[in-house]
Amino acid sequence: MPERRSMPEPATVGQVLAFIGVGAAAAATHFGVVLALVGQLAWPPLIANVFGFACAFCVSFLGHWRLTFAEADAPLARSLRRFFLVALAAFTLNEALYALLLLLQFDYRFALAFVLLTVALITFRLARRWAFVAS
């Protein structure tokens, strides 16, 4: 008989609020780094965006590891590797889905709102069920 896996507890309101807060802080970091590098140092925007993503990743990972998913008591190194993969997948999905919706001639504002919400929900689920689990 196959072993039954226990389902994780539902996300708490606190987890969801922490996820939103950490995500907002990471987005602000990303935006600020790009603005500074392009505006003050005349970096090319696409290169500045890579550095913005890297800085935002640090804010996001540390915030989620210490706040959003702290009770999971997940190992730091493994969580870091896994969350990096989640973040890269989320970035890739964001770009691909946004490009598809624009190709299908959706209004860019609607498309962006849909993509951001969809990718955030997927990211939360992957972070909670895979990147930040203890075992």
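The values are calculated or read from the model by the stated rules, or taken from the named source; none is laboratory data. These numbers come from a predicted model, not from an experiment. With ideal geometry, Cβ positions are generated from the backbone for all residues, glycine too; neighbour counts draw on all protein chains shown.
Do we have A74 as touching a residue at least 24 places away in the same chain (Cβ under 8 Å) and closer than 28 Å to S135 by Cα here? Even if it seems obvious, please write down each step before you answer.
Values: touching a residue at least 24 places away in the same chain (Cβ under 8 Å): yes; closer than 28 Å to S135 by Cα: yes.
Yes; evaluated as a whole, the condition is true for this residue.
Inspect all residues belonging to region 80-100 and state whether any of them is of a type in the set (S, T, Y), under 14 Å from the mean Cα position of the chain (by Cα), part of a helix (DSSP H, G or I) and surrounded by 13 or more Cβ atoms within 10 Å (Cβ to Cβ). So that I can check it myself, show each step before the final result.
Our first condition is that a residue be of a type in the set (S, T, Y); within region 80-100, this holds for 92, 98.
Next, only the ones that are under 14 Å from the mean Cα position of the chain (by Cα) stay: 92.
Then keep just the ones that are part of a helix (DSSP H, G or I); that gives 92.
Filter once more, keeping what is surrounded by 13 or more Cβ atoms within 10 Å (Cβ to Cβ): none.
No - not one qualifying residue is present in region 80-100.
For region 45-58, the count of residues that are within 20 Å of L116 (Cα to Cα), part of a helix (DSSP H, G or I), touching a residue at least 12 places away in the same chain (Cβ under 8 Å) and β-branched (V, I, T) is zero. The residues of region 101-135 that are within 17 Å of F57 (Cα to Cα) and assigned to a loop (DSSP other than H, G, I, E, B) amount to a single one, F132.
With the requirement that a residue be without any contact (Cβ under 8 Å) to a residue 12 or more places away in the chain and within 22 Å of R128 (Cα to Cα), what does region 87-104 give you? Spell out the reasoning first.
Within region 87-104, the subset without any contact (Cβ under 8 Å) to a residue 12 or more places away in the chain is 88, 92, 95-96, 99-100, 102-104.
Those that are without any contact (Cβ under 8 Å) to a residue 12 or more places away in the chain and within 22 Å of R128 (Cα to Cα): L88, T92.
Criterion applied to F91, F53, F61, F124 was being at pLDDT 95 or above, out of contact with any Leu (no Cβ under 9 Å at 6 or more places or on another chain) and aromatic (F, W, Y), and the one residue passing it is F124. Just one of (1) surrounded by 18 or more Cβ atoms within 10 Å (Cβ to Cβ); (2) more than 21 Å from A27 (Cβ to Cβ); (3) of a type in the set (A, V, I, L, M, F, W, C) fails for A134. It is (1).
Looking at T68, T12, can you tell me which residue is polar (S, T, N, Q), without any contact (Cβ under 8 Å) to a residue 12 or more places away in the chain and within 13 Å of F124 (Cβ to Cβ)? If you could, list the steps in order and put the result at the bottom.
Numbers: T68 fails: without any contact (Cβ under 8 Å) to a residue 12 or more places away in the chain.
Testing whether each residue is polar (S, T, N, Q), without any contact (Cβ under 8 Å) to a residue 12 or more places away in the chain and within 13 Å of F124 (Cβ to Cβ) leaves just T12.
For the structure I just gave you, tell me whether L37 is more than 21 Å from A18 (Cβ to Cβ), touching a helix residue (DSSP H, G or I) at 6+ places or on another chain (Cβ under 6 Å), part of a helix (DSSP H, G or I) and touching a residue at least 12 places away in the same chain (Cβ under 8 Å). In short, yes.
Taking the conditions exactly as written (touching a helix residue (DSSP H, G or I) at 6+ places or on another chain (Cβ under 8 Å) and small (G, A, S)), does A99 satisfy them or not?
no
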